Every structure is written in C-alpha cells, then in structure tokens.
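Reviewing the structure listed below.
The values are calculated or read from the model by the stated rules, or taken from the named source; none is laboratory data. Source: prediction; values computed, not measured. Glycine also receives a Cβ, built like all others from the backbone with ideal geometry; neighbour counts cover every protein chain displayed. The accessibility values were calculated without ligands, DNA or RNA, using every heavy atom of the protein model including side chains. Shrake-Rupley method; radii C 1.70, N 1.55, O 1.52, S 1.80 Å.
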Number of protein chains: 2
Amino acid sequence: MKQVTIYDIAKEAKVSVATVSRVLNGTAPVKISTRAKIEALIQKHQFQPNAMARSLLSKETGIIGVILPDLTNPFFPEVFAGAEKEAQESGHTFLLCNTMGDYAKESEYLNIMQEKRVDGILFIGGRINLKECEPDLVQEMVEHAKKIPMVLINGNLRDTELTRVATDEYAGTMLAMRHLIELGHKRIGFIGGESHMTTTSNKLRAFRKSLRDAGLPVREDWILPDSFSMESGKQQMENLLEKKDRPTAVCCVNDFTAIGAIKTAIEHGLKVPDDMSIVGFDDIPLAHHVIPELTTVSQQASELGRTAMKVLRQLINKGKVKKLTSLEPQLAVRQSTAPAMMPSYSESFREISSG
Amino acid sequence: MKQVTIYDIAKEAKVSVATVSRVLNGTAPVKISTRAKIEALIQKHQFQPNAMARSLLSKETGIIGVILPDLTNPFFPEVFAGAEKEAQESGHTFLLCNTMGDYAKESEYLNIMQEKRVDGILFIGGRINLKECEPDLVQEMVEHAKKIPMVLINGNLRDTELTRVATDEYAGTMLAMRHLIELGHKRIGFIGGESHMTTTSNKLRAFRKSLRDAGLPVREDWILPDSFSMESGKQQMENLLEKKDRPTAVCCVNDFTAIGAIKTAIEHGLKVPDDMSIVGFDDIPLAHHVIPELTTVSQQASELGRTAMKVLRQLINKGKVKKLTSLEPQLAVRQSTAPAMMPSYSESFREISSG
DNA sequence: TTGAAAGCGCTAACAG
DNA sequence: CTGTTAGCGCTTTCAA
C-alpha cells in the first residue's frame, strides 16, 4: 500500500522533483523528451499527487462541508444533489455529515470541517431553524463563519449577518391558502410543525394573514402544531376529527404531516379531497406516489441546493453576495384538494358523521 | 480569514511549537502552568490544528470515500446512514460522491479519492452490478484497491479478489417466492430489472429454481425484465394485463417496480392483493406508505452499511477479513399479498375480464 | 529548460 | 519538563 511520491518519479527519471512538478501542473515548459519520460513513469506507477501536500501550500482543499440533519428525509438528498450538480463546474467535492438533529454533533462536525480546512460550508436544518437559538450556539457559528465561507440554507440566526439562501415559506403558504380559499373553503385548519421552529411560525403567520385577508375567522382550536412526522399528521388529524365542529380543509406544515393526515382521514371514512381538502409543503417525491396525489407547495429542493452552492462559490471567490437569496416556491395542484362542499351538503355531512 | 497556526500560539505563549503540540495531543507531560497558558491561547484564538499537515505525517485522513449511483434513491441514504453510525466509533467522516450511474464519473471520483488519500472506499452500485464489466474498468478498480482498502457493497467484479459485503439476493427471492407459493399461487410472473445486471439474474435464478422446486411451470412469457423504475413496473404490468392468460401473482425486482405494478393493476380495476398478489424487494420507506402496504424482502439497508463499514475498518487496520460477508434478508409480509383465488373463481374472473 | 532550496503546519525523535 | 531539528509530499522562487 506504499504510495509513490514525486521523489520516486524524479529519481527514476533522473530529474529533479521540480521538473516532475512542472509536467504535473504544466506550470513551465519542459523539454519534450524528458516530459515524455516522466509521463510514462507517472502512467506506469499510476502516480497521483498527494492532495494534502498540495493543499498545505495552496490553502485550498476542493472540499465543501455539508451539515444536514437527516439524509433519510428525502428533502435533503435532493438539496444535496442540486449542490453537487452545481459543484461539478468548480470541481468541488463533498464532506457530508448527518447530525440527526443533535446540536452537539453539529458543533463537532463544524470543528472537524475547520480542522480539515474545507473551502466552504453548507448548513441546513438543526439550530438554524430555531426561533430562539442559544447564544453560544449562535456565537460558535459566527466564529466559524469568520474563518470559513458559510451559507445557511432555509434558516437563519438572529442578529447575525450570515449569508442565507432560502425558500420564501411565507409566500409559499400564501399560495397554498389562496388556493384553498379560491376553492371556496371557509373553514380551514393547520396541522403540524414544532412551535419553536421558525418554519412553523413563518407558515402560521401566512396562514393567519391569508384568512384575515379573505375576511375569514381564525379558529385557534383548529391550529394544531406538533412535529414534522407522518405520525404527527395522523395524530393531529385524529384530534381534528374528534371535534364536533371541524374544518373542510387543512394546510399542513409539510408533506409528511399532510400524508399522515390523509391516511387518518381516509381511515375514518372521509373522502379526500371531497370531504376534506389537504395541502402539504415541500413536494418530496412521495407526494406523487400517494393516493390521492398530494397538492403541495414545491420548494424545488434541487434548485435550492444549486443556488446555495452558487452563492457559496461566490463567497469563496470573495465576490460580493446578497445577504439573503430568496427562492419563490410554486404551487403544485394535484388530487388532494377540491372545491368545498356546498353549505347544505356539509351541514348534513356533519350531522351524519357526528351523530 | 487567515488561519492561526501552532507557531502563532507558540510565539504568543513564549514556548516552542513542540510544547504546543504536546498539549494538543497529550503526548508528553507539560508543566501545569504552561499548559494552562497555552490552553487559554488556543481557546482565545479558536485554534484548530490543520488536519492536512497532520495527515501528511500520519498517513491517515480520517476520511472514508463513498461512491454510489444516486442519493435520491432512498435505498442509498439508508446504507449511508448505517455506515455513518458505525463510523462514529472510529471518528471517520465521509466524502460522498454521486455518480448518477456514469462509469466515467466513477473513475474520476476514484482518482480524486486516491489524491485525497482517503483511508478507505465504500463502493456501491454502478459497474459492480454488471454481469459483464469492461476489463479496463475492472482493472482500474483492482489498481485502486491495491493502494486503498476498498469494500464493494451488493456487487462483484469477476475474477477479482475484492472484499465484498452483500445481501443474499438469491435467498431473498427464494423467501418471496416460497411465500407466494405457500399462499397457493401457481401462476407467478416476474417484473423489472435490467438483464445485464447481476441483481436481475440472481433474482431470476431463484425465481426459476423455486418454481421448479414446487413442481410449477416456468412461463417465460411472464418474465418481463426492463429497468428498476416505477415507470418500468407500470409498463410491464400493463403488458402482463394485456395477455389473455395471466398470472395471479408477480415477483418484482425491487420496490419501485412493485409499486408501479400495483398502481397499474389498480387502475385496471384489479384488487390488490385479492386479484393479484405483488411482492417487492428492498423495503424502502415508501413500501410502508403505499396503499396497500407492500409485502417485500427487506435488505436491511442500514445494517448493510454498518457491516460494510465494519469490514472496511478491519481492512484498514490490516485485520483479516472474509472475502464475502453475506447478509440474510428477511421477508416483510404486509398487505400486497393474499391467498390465491380458488381455481373456479379465477377461472370465471379471467372470463369476465378478458371478455 | 532544469536544479537547489525554502517553506506550507505539524509531529516526533533527540538532546538538554 | 522543554527546545531544536528533521522530515511528511509538494510548489515555487531564484539561479544557473
């Protein structure tokens, strides 16, 4: 397993290491015959220059660190793939770290990336989604960002100037709500999302605003935050269905909760979308595969990753970048939403099902 | 962005770099007072030793390279997560490369990993799943494996001694087939999988064998390989349903094709599993979420990744390892399979639906 | 067109 | 307990 070095090549070619280096990098003219000899040797030994040694001089590793919470959540691989596509151009490669939502692990990985001198960091999920993030966790990020270019994806840290790329969740939820309202729904609930996360409050803000704009009442007892899992969507739909008086449509914090909500609604004998319209957020691949297919707000995850990588590269190249690059989400209307039932219908429906 | 070095710390502490190095690594006793002084400085400057420089000496990077075809296929993130969990122990971190099934890109990444001197490589998908792999692609792998410990996951390269960790696909398919046969199915088809890939032929071998073992005929016109996508499952189920004489159950090459097959069967008015039993392979998360939930063979992807990482670590530590570590898959019986209809029933069914 | 030598940041003898 | 020094593999002046 002994690796061959530039010295081995130089010795065998009877030249100095400088000359070998020159043919390796094309950094200065080399006599054609000695070049040939050296290239032959490189080929013969399958010689690959040691990137560590190079980086020690150049101060560049060609590595981008990615910190994300959970690769088995299909949203993240899409973001990652987008970033990777964009990185092809600049020849960057990725050090990928899953934190499983553990802040201590985030810190650990941040340190590792600092030690490995990655060229830049893409940070998504975890602490940057908190409404109130511990001051020392914030401070730590600021310190690292001073040494390594960093961009936050779909998150923020208060009182901080870190560069961000984010989907406009407020606008996205407005899209979803306007769709529901245009379908004639006047009784709309909200399901899922942890209250201490910004994504939840952003979406709830839009939820309330759109209701007010349409002159509809905001029924606080139909707002049921919880978490982001399918289980949570099931549970909260369960709670909603227990109420005598219930909505004809729900807006969910993400696709997982929306799918959970659909399942539970169907189990209780409701027809989706006829008896209950449900809209999600994210547009994960699963949204297409569920029956009925989910109407949802597309984050364009791949585009998000791509843009983040583009911005990070500008940062690395010391170009000037906007503090916030905002991406407009799009509504994908599919099968889980339909016009609200006529009042008389829904009246009799409620009587039957709650009787 | 100027990074501080061990020299900066040493100078400010008025000691030599060796002393700083000692407190960094606890490699020799240091007077308590000078240690304190140095630690304070390290804290103050948020100093992190440069891993490049360290690796240059130690010949270890703490990085494992992972080459896989497509992270947006949910099977791979699970394998990766398993490997990552196992790697926690040894403090390894991952360089992740998506090849999108492009062999040239595989070569490129192999070279990058060689240059970066990763401690080991995990290779999954792509060329190692080919029944006939180009000799130079094989040769290239062998050359790299001579310099860097490498383990192949769920694949193989002919006439090669590379270390492998793999699910026993043959055994898994036997499990699935025995399940169908025990349910009384006598007319069974096979859908999906590219013929030039080993996974397809392994599964087909088991498919044929189990039929012969049970004294059932192998109907070649019900064997419909194609690719691994949901689209492919739809298409081939379509083809199957056009036949006058069709099976009561199908064994699919993977979960995606199985789900596609289910969708098409349902669209054609069949009841799954009553009119048609369908079994998949892999047990991706989606298998739980589809209605009816998919009966499938679980590869235990996470365990696969974990085991591969364990084996790779042994290889790195120059321990002796088995050439092939085989994992036994398990059958997960869910809702997409049911007893075969009684002959009379199925007879009348065929007449009705083909009339 | 080529070689000698300094140095990137760190560790590890080897002397004190 | 601590400092000096020689590399690790490579690039890059500076001379020749």
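Please check: in the Gaussian network model of chain A (C-alpha springs, under 10 Å), which one of A:Ser227, A:Ser277, A:Ser55 has the largest mean-square fluctuation. Maximum among the listed residues: A:Ser55. Evaluated with a Cβ-only charge set (Lys, Arg +1; Asp, Glu -1), chain A carries a dipole of roughly 1840 debye about its Cα centre, given to the nearest 20.
Can you give the angle from 0 to 90° between the axis of helix B:255-267 and the longest principal axis of chain B, with both taken from C-alpha atoms, to the nearest 10? It works out to around 40 degrees.
For the stretch A:152-247, the set of trypsin sites (Lys or Arg not before Pro) satisfying both a DSSP loop assignment and a count of at most 14 other C-beta atoms within 10 Å is given as A:Arg158, A:Lys243, A:Lys244. Interface residues of the stretch A:47-79, defined as those with an accessible-area decrease of at least 40 Å² between the chain by itself and the complete set of protein chains (probe 1.4 Å), are A:Gln48, A:Asn50, A:Ala51, A:Met52, A:Leu56, A:Leu71, A:Thr72, A:Pro77.
For the stretch B:97-149, GluC sites (Glu not before Pro) are listed when DSSP marks them as loop and at most 11 other Cβ atoms sit within 10 Å of their Cβ; the list is B:Glu132. Between the stretch A:147-215 and the stretch B:186-203, the C-alpha centres lie 46 angstrom from each other.
The angle between the Cα long axis of helix B:230-242 and the main principal axis of chain B comes to about 10°, on a 0 to 90 degree scale. With the convex hull drawn around the C-alpha atoms of the stretch A:164-231, the volume per residue stands at 100 Å³. In the stretch A:278-298, the residues whose accessible area drops by at least 50 square angstrom when the other protein chains are added to the isolated chain are A:His289, A:Ile291; the probe is 1.4 Å and only protein heavy atoms count. Residue by residue, the stretch B:214-224 carries 3J(HN,Hα) couplings of 8, x, 9, x, 9, 8, 4, 6, 9, 9, 10 Hz when phi is fed to the Karplus relation 6.51 cos²θ - 1.76 cosθ + 1.60 (θ = phi - 60°); x denotes Gly or Pro. Couplings for the stretch A:67-76, taken from phi via the Karplus curve 6.51 cos²θ - 1.76 cosθ + 1.60 with θ = phi - 60°, read 10, 9, x, 6, 5, 7, 8, x, 5, 5 Hz in order; Gly and Pro are left as x. Residue-wise HN-Hα couplings along the stretch A:126-136, as the Karplus relation 6.51 cos²θ - 1.76 cosθ + 1.60 with θ = phi - 60° gives them from phi, are x, 4, 7, 9, 7, 5, 10, 9, 3, x, 6 Hz; Gly and Pro carry x. Rounded to the nearest 500, the helix-only mean residue ellipticity at 222 nm of chain B stands at -14500 deg cm²/dmol, with each DSSP H run of n ≥ 4 adding -39,500 (n - 2.57). Only protein atoms count toward the accessible area here, which uses a 1.4 Å probe; on the protein assembly as shown, the carbon and sulfur part of that area reaches 53 percent. For the protein assembly as shown, the solvent-accessible area works out to 44 Å² per residue, with a probe of 1.4 Å and every protein chain left in place. Between 0 and 90 degrees, the angle of helix A:198-213 with respect to the longest Cα principal axis of chain A falls at about 40 degrees. One quarter of the surface of the convex hull around the alpha-carbon atoms of the stretch B:6-58 equals 3.5 nm², the direction-averaged projected area. Buried area at the A:B interface is about 4900 square angstrom, summed over both chains, from accessible surfaces computed with a 1.4 angstrom probe.
The alpha carbons of the stretch B:1-102 give a radius of gyration and a Dmax of 19.3, 58 Å, in that order. The rule of thumb for compact globular proteins, 2.2 N^0.38 Å, goes into the C-alpha radius of gyration of the stretch A:207-355 1.26 times. Cα extents for chain A along the principal axes, largest to smallest and rounded to whole angstrom: 95, 40, 33. Fraction of C-alpha pairs exceeding 45 angstrom in the protein assembly as shown: 32 percent, rounded to a whole number. Hey, in the GNM for chain A with a 10 angstrom Cα cutoff, which one of A:Ser90, A:Ser326, A:Ser16 fluctuates hardest? It is A:Ser16. Close amide H contacts of A:Ala332 (hydrogens built in the peptide plane, cut-off under 5 Å, sequence separation of 5 or more or a different chain): A:Thr296, A:Val297, A:Ser298. Annotation: amide H of B:Leu327 within the under-5 Å range of B:Ala166, B:Thr167, B:Asp168, sequence separation 5 or more or interchain, hydrogens built in the peptide plane. In a DSSP loop and with at most 15 other Cβ atoms within 10 Å, the GluC sites (Glu not before Pro) in the stretch A:1-91 are A:Glu60, A:Glu89.
Close amide H pairs (under 5 Å, H built 1.01 Å from N) link A:Ile223 with A:Phe190, residues at least 5 positions away or on another chain.
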